[in-house]
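Written out below as structure tokens is the structure these notes cover.
The values are calculated or read from the model by the stated rules, or taken from the named source; none is laboratory data. What you are looking at is a predicted structure, and each value in this text was computed from that prediction instead of being measured. No Cβ is skipped: glycine too gets one built from the backbone with ideal geometry, and neighbour counts run over all protein chains shown. For accessibility, only protein heavy atoms count, side chains too; no ligands or nucleic acids. Shrake-Rupley method; radii C 1.70, N 1.55, O 1.52, S 1.80 Å.
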Amino acid sequence: MVVLTVPGLAQNYSAVQKWEGFYPTKYANTAPLPAGQTFWDDPVVKTALAATLPAEQFSQLKTCWGAHCTEDRIQLYDNMIAVHVCKQDSRDRRACQQWAAYVFLELDSGRTGVCWNMMVPGDFDPEPASLWYWHAPSGKSGSAAVDVCTSASAYQHAEDQKNGKPVGNKTQGLVAPKIAR
């Protein structure tokens, strides 16, 4: 059996670790970014997230939902680079339970997972709809409904994915009855 590799097609996922400690769109300590380069522009990150997220959500993530967002420093957990970004609402407050993304990229395998909170349109008292998007370099991708993404639950979903466990809602107790209107 002969294995051929084409230069430039193989991804070096561990190279993404260079972003640890920085912010997605600006370096720590206010040092300037390389010309046009942000975490979202990094070719490995861009390729992985474009394969993981629907195009509209990938665009929202890269552009802070077209407005402003709060970015946390990029962290390394075990072998995963982790990024948290949340939109700021119209009152310039963090709206992390309504619009947020927790992004995980495994440095050894290239598997990507994103825990995404988004407001359900049309609700008067909106509850976020949360989804776990995932993609593996083998081409397998998917999404699953999950409970509202928090830093703890998003990390648990990433760990479950890494350990081969299914990611999704876990119903506990009795299902609440539908209320007639």
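Mind listing whichever residues of the stretch 74-85 are open to solvent by 20 Å² or more (accessible area, probe 1.4 Å), at pLDDT 90 or above and in a loop (DSSP other than H, G, I, E, B)?
Once the filter is applied, which keeps residues that are open to solvent by 20 Å² or more (accessible area, probe 1.4 Å), at pLDDT 90 or above and in a loop (DSSP other than H, G, I, E, B), the stretch 74-85 yields only 79.
Which condition number does residue 66 fail, the rest of (1) within 17 Å of residue 107 (Cβ to Cβ); (2) at pLDDT below 90; (3) open to solvent by 50 Å² or more (accessible area, probe 1.4 Å) being met?
Result: residue 66 fails condition (1) only.
Would you check which residues across the stretch 3-55 are closer than 20 Å to residue 136 by Cα, at pLDDT 70 or above and open to solvent by 50 Å² or more (accessible area, probe 1.4 Å) and list them?
Matches in the stretch 3-55: 12, 14, 17, 41, 43, 46, 47, 50, 54, 55.
Please indicate, with yes or no, whether at least one residue in the stretch 91-98 is in contact with a Lys or Arg (Cβ under 7 Å, 6 or more places away or on another chain), at pLDDT below 90 and either over 21 Å from residue 133 (Cα atoms) or open to solvent by 80 Å² or more (accessible area, probe 1.4 Å) (or both).
no
Can you spot a residue in the stretch 101-108 that is open to solvent by 20 Å² or more (accessible area, probe 1.4 Å) and at pLDDT below 90?
Scanning the stretch 101-108 turns up no residue that is open to solvent by 20 Å² or more (accessible area, probe 1.4 Å) and at pLDDT below 90.
Can you go through 170, 140 and tell me which one is open to solvent by 60 Å² or more (accessible area, probe 1.4 Å) and at pLDDT 85 or above?
Testing whether each residue is open to solvent by 60 Å² or more (accessible area, probe 1.4 Å) and at pLDDT 85 or above leaves just 140.
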